[in-house]
Amino acid sequence: MNRIAIHLLVFVAWSAGMFGAGWAWRGDRAETVDARQLAGASAAQVEQINQTRAVEHSHAEALATIGAKHEEDRTAATAVPAAVVAGVRDGSIQLRDDLATCNTARLSQAVAGTIERDAHAELRAEVAGAVVQVGRDADDHISASQAVIAADRAEVTR
């Protein structure tokens, strides 16, 4: 083989090698860009999931606080009937006459004795205590329900 053919063959081999190296480098660079884009998208997705979880946790904590307060109110409400009965007995709480009229017909009967009148007065105080407890339980339940709705609507508007 003559020298020119050898130089031409070396040049072609060198060019083919450089073309292959450039092609490989270009492919590696494209894979790197793709990997960076994928990593960026994954990081954004993780951040969004973490934000969503944080909102869910804060919402759950708000609802748990509302539930705990409601349970405290329910526990405190058990003392209400006794307090109302004691207040009626010592005169610090006055009942309206419409509750008393329920027993007026019985008390005005000539047959009713003093003991029966005392029993009706005692029953009247106990009924008043039970009525106040029912009202307080209903108020506590409504307050807790309204707090849950307000917390839910606050989460929706964020």
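The values are calculated or read from the model by the stated rules, or taken from the named source; none is laboratory data. The shown structure was predicted, so the numbers you read here are calculated from the model rather than taken from an experiment. Here the Cβ is made from the backbone with ideal geometry for all residues, glycine too, and neighbour counts use every protein chain on show. To get the accessible areas, we keep the full protein, side chains included, count just its heavy atoms, and leave off ligands, DNA and RNA. Shrake-Rupley method; radii C 1.70, N 1.55, O 1.52, S 1.80 Å.
Is it the case that Ala39 is of a type in the set (Gly, Ala, Ser), at pLDDT 80 or above, more than 38 Å from the chain's Cα centre (by Cα) and more than 30 Å from Ala128 (Cα to Cα)?
Here the answer is no, as Ala39 does not meet what is asked.
In this structure, does Ala64 turn out to be within 18 Å of Ala154 (Cβ to Cβ), without any contact (Cβ under 8 Å) to a residue 12 or more places away in the chain and small (Gly, Ala, Ser)?
When the stated conditions are applied, Ala64 passes them.
Quick check on my filter: what residues within region 67-97 are among the small types (Gly, Ala, Ser), under 20 Å from Ile149 (Cα atoms) and free of Cβ contacts under 8 Å to residues at least 40 places away in the same chain?
Across region 67-97, the qualifying residue is only Ala68.
If you take the residues in region 82-99 that are assigned to a helix (DSSP H, G or I) and open to solvent by 90 Å² or more (accessible area, probe 1.4 Å), which one is modelled with the lowest pLDDT?
Asp97
Pick from Ala5, Ala13: which is in a helix (DSSP H, G or I) and open to solvent by less than 60 Å² (accessible area, probe 1.4 Å)?
Ala5
I'd like to check something: does region 25-46 contain any residue that is closer than 30 Å to Arg153 by Cβ and among the polar types (S, T, N, Q)?
Yes: one or more hits.
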